[in-house]
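Comments concern the structure below.
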Amino acid sequence: MSSSRFKLLIIEPDTVFGNNLVSFLNHQNFDCRLVTTAQKGIEAIDNFKPNMIILEIQLSVHSGIEFLYELRSYDDIKKCPVIVYTMLEKSVWGLGFVNLKLQLKVDQYLCKLDNDFFDLTDEIKKYFNDNLSHAIS
Amino acid sequence: MKIAGNNDFDLPSDLFLNLLQNIQRSVLNISNQVDVIKLTKNQSQLDVIKNLSQNTNHLIENYSLMINLLQDKQQLSLEPVSLAAVLYDVVNNLKSSAADYGVNLVFNNEGKFFPVLSNYAVLEVSLTSLGISLMEALPALLVNQPHQIELFAAIHRSKYGLVVGLYFDEQPILSRYLINKSQKILRKSKQPLPMLSYGPASGLFLAKNMLNFMNLDLKSSKHNNRYGLGVIVPPIKQLSFVDEQ
């Protein structure tokens, strides 16, 4: 699969982690943009028009959950696929995890402690292989 | 465990759990950095690994010192201390990793200040830990600043004594009340201070608890139109006769 045309918006508050992720994914022929807050994420969606969003839930001030609610409230961008790549294990959500999938339409949930950059890349490529028609642009 | 001071409060394993989360993040970053270096063959990024390790070691050192003081294995000796010297060492401890986070660390050493009676190691370790937390948090916080993110290390006089601190924002976002409230949820929350940091902010809580050993505390402070966190160190009248060179 050629991934050179796919644009990824990465919302990651830890700049060291985020820069590493961008370097890694750029090397995998993705076009990446890194932002550190939910607010900048919403702005970047309009400017950058990503094919997918990689989202950390634990953000400063406004959380990734607030971002997801905001994202899904806009008709023109609500179908953008989201992979949550976070420090929070699935177990902390309890029954709320179902809400992530059903209401907030999270396509995949990966814990950073269990999934390295290679695992994330595999999930991204798998999604695009299966769902080419979900690209925004 | 209890810490005697102005306010007796518990120092349970909450702080240790909080520190473990910080260490976990650092180790994860080191692991990812190795993957990126292997892929990109960019050897210059090896310094990032060293800086991450040093920061984690500083936090562990802070916690170890605190436990030793709690268990009376180490005596807290008070001595005449130059706050400018402490701040100079703190800035040296932080400057290599400041670049990794895109933070411009500025040491404002204007002014002559008399020595204070305090403990050099506790002040240095506390302010370094606080600086580490702030450097990690600021790039995700101060996104509306048009220029590079700046963290100022400075001392100034107040009517209560000398204030040594780290300053970063044009609006006050932290208060002693907020920090005290956040400390109570350390065990339950992976993000106890979300208005500042996306993570556990261990350095801030470690600094606060260390300073409590000397009956000092982190407070919201202002220096040259920048808000941040500072420590008021009361003067000792006898030492105020000694001019700082």
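The values are calculated or read from the model by the stated rules, or taken from the named source; none is laboratory data. Nothing here was measured: the structure is a model prediction, and the numbers come from that model. FYI the Cβ positions are ideal-geometry reconstructions off the backbone, even for glycines, and counts take in every protein chain you see.
Can you tell me which residues in the stretch B:196-216 are of a type in the set (A, V, I, L, M), within 14 Å of chain A (Cβ to nearest Cβ) and in a loop (DSSP other than H, G, I, E, B)?
Taking the stretch B:196-216 as the starting set, the residues that turn out to be of a type in the set (A, V, I, L, M) are B:196, B:201, B:204, B:206-207, B:210-211, B:214, B:216.
From the residues that got through so far, the ones that are within 14 Å of chain A (Cβ to nearest Cβ) too are B:196, B:201, B:204.
Passing the criteria: B:Leu196, B:Ala201.
Please find, within the stretch A:9-29, the residue that is surrounded by the fewest Cβ atoms within 10 Å (Cβ to Cβ) out of those that are within 12 Å of chain B (Cβ to nearest Cβ), aliphatic (A, V, I, L, M) and closer than 25 Å to B:Lys38 by Cβ.
Filtering the stretch A:9-29 for residues that are within 12 Å of chain B (Cβ to nearest Cβ), aliphatic (A, V, I, L, M) and closer than 25 Å to B:Lys38 by Cβ, the one surrounded by the fewest Cβ atoms within 10 Å (Cβ to Cβ) comes out as A:Val22.
What number of residues within the stretch B:70-85 satisfy the criterion of being touching a strand residue (DSSP E or B) at 6+ places or on another chain (Cβ under 9 Å) and not acidic (Asp, Glu)?
First pass over the stretch B:70-85, keeping only residues touching a strand residue (DSSP E or B) at 6+ places or on another chain (Cβ under 9 Å): B:70, B:78-84.
Keeping just the survivors that are not acidic (Asp, Glu) gives B:70, B:78, B:80-84.
Counting residues in the stretch B:70-85 that are touching a strand residue (DSSP E or B) at 6+ places or on another chain (Cβ under 9 Å) and not acidic (Asp, Glu) gives 7.
Being among the aliphatic types (A, V, I, L, M), in a helix (DSSP H, G or I) and under 19 Å from B:Glu136 (Cα atoms), is that true of even one residue in the stretch B:61-81? Can you show your working first?
Let us first name the residues in the stretch B:61-81 that are among the aliphatic types (A, V, I, L, M), namely B:65-67, B:69-70, B:76, B:78, B:81.
After this cut, where a residue has to be in a helix (DSSP H, G or I) as well, the list is B:65-67, B:69-70.
Pick out the ones that are also under 19 Å from B:Glu136 (Cα atoms) and you get none.
Within the stretch B:61-81, none of the residues are among the aliphatic types (A, V, I, L, M), in a helix (DSSP H, G or I) and under 19 Å from B:Glu136 (Cα atoms).
What single numbered condition from (1) closer than 18 Å to B:Tyr198 by Cα; (2) crowded, with 18+ Cβ neighbours inside 10 Å fails to hold for A:Leu100?
(1)
For the stretch A:1-40, name all the residues that are among the small types (Gly, Ala, Ser), farther than 15 Å from A:Val82 by Cα and free of Cβ contacts under 8 Å to residues at least 40 places away in the same chain.
Initial filter on the stretch A:1-40 (among the small types (Gly, Ala, Ser)): A:2-4, A:18, A:23, A:38.
With the extra rule that they be farther than 15 Å from A:Val82 by Cα, the set shrinks to A:2-4, A:18, A:23.
Those that are among the small types (Gly, Ala, Ser), farther than 15 Å from A:Val82 by Cα and free of Cβ contacts under 8 Å to residues at least 40 places away in the same chain: A:Ser2, A:Ser4, A:Gly18, A:Ser23.
What number of residues within the stretch A:30-61 satisfy the criterion of being within 7 Å of chain B (Cβ to nearest Cβ) and not in a helix (DSSP H, G or I)?
Result for the stretch A:30-61: 6.
List the number of the failed condition for B:Leu193; all other conditions in (1) in contact (Cβ under 8 Å) with a residue 60 or more places away in the chain; (2) within 14 Å of chain A (Cβ to nearest Cβ) hold.
(1)
Run down B:Ser97, B:Ser44 and say which single residue is within 14 Å of chain A (Cβ to nearest Cβ), within 25 Å of B:Gln21 (Cα to Cα) and modelled with pLDDT under 90. Even if it seems obvious, please write down each step before you answer.
Numbers: B:Ser44 fails: within 25 Å of B:Gln21 (Cα to Cα).
Result: B:Ser97 is the single residue among B:Ser97, B:Ser44 that is within 14 Å of chain A (Cβ to nearest Cβ), within 25 Å of B:Gln21 (Cα to Cα) and modelled with pLDDT under 90.
Residues that are among the small types (Gly, Ala, Ser) and touching a strand residue (DSSP E or B) at 6+ places or on another chain (Cβ under 8 Å): does the stretch B:184-191 have at least one? Steps first, answer last, please.
We begin by selecting, within the stretch B:184-191, every residue among the small types (Gly, Ala, Ser); these are B:189.
Restricting the remaining residues to those that are touching a strand residue (DSSP E or B) at 6+ places or on another chain (Cβ under 8 Å) gives none.
Among the residues of the stretch B:184-191, not one is among the small types (Gly, Ala, Ser) and touching a strand residue (DSSP E or B) at 6+ places or on another chain (Cβ under 8 Å), which makes the answer no.
Six or more apart or on different chains, Cβ atoms under 8 Å: show the pairs whose first residue is in the stretch A:78-104 and within 14 Å of chain B (Cβ to nearest Cβ) and closer than 17 Å to A:Pro50 by Cβ and whose second is part of a loop (DSSP other than H, G, I, E, B) and among the aliphatic types (A, V, I, L, M).
Listed pairs, sorted by first residue: none to list.
Counting only residues that are of a type in the set (Gly, Ala, Ser) and free of Cβ contacts under 8 Å to residues at least 60 places away in the same chain, which one in the stretch B:73-109 is surrounded by the most Cβ atoms within 10 Å (Cβ to Cβ)?
Here is the first cut: in the stretch B:73-109, the residues of a type in the set (Gly, Ala, Ser) are B:77, B:82, B:84-85, B:96-99, B:102.
From what's left, free of Cβ contacts under 8 Å to residues at least 60 places away in the same chain: B:77, B:85, B:96-99, B:102.
Values: B:Ser77: 9, B:Ala85: 14, B:Ser96: 15, B:Ser97: 24, B:Ala98: 22, B:Ala99: 14, B:Gly102: 15.
If we take residues in the stretch B:73-109 being of a type in the set (Gly, Ala, Ser) and free of Cβ contacts under 8 Å to residues at least 60 places away in the same chain, then B:Ser97 is surrounded by the most Cβ atoms within 10 Å (Cβ to Cβ).
Report yes if some residue within the stretch A:70-83 is in a helix (DSSP H, G or I), surrounded by fewer than 21 Cβ atoms within 10 Å (Cβ to Cβ) and either on the phi < 0 side of the Ramachandran plot or in contact with a strand residue (DSSP E or B) (Cβ under 9 Å, 6 or more places away or on another chain) (or both); otherwise report no. It would help to see each step written out before you state the result.
Within the stretch A:70-83, the first condition is being in a helix (DSSP H, G or I), and the residues that meet it are A:70-71.
Restricting the remaining residues to those that are surrounded by fewer than 21 Cβ atoms within 10 Å (Cβ to Cβ) gives A:70.
Narrowing the set further to residues that are either on the phi < 0 side of the Ramachandran plot or in contact with a strand residue (DSSP E or B) (Cβ under 9 Å, 6 or more places away or on another chain) (or both) leaves A:70.
Yes, because at least one residue in the stretch A:70-83 is in a helix (DSSP H, G or I), surrounded by fewer than 21 Cβ atoms within 10 Å (Cβ to Cβ) and either on the phi < 0 side of the Ramachandran plot or in contact with a strand residue (DSSP E or B) (Cβ under 9 Å, 6 or more places away or on another chain) (or both).
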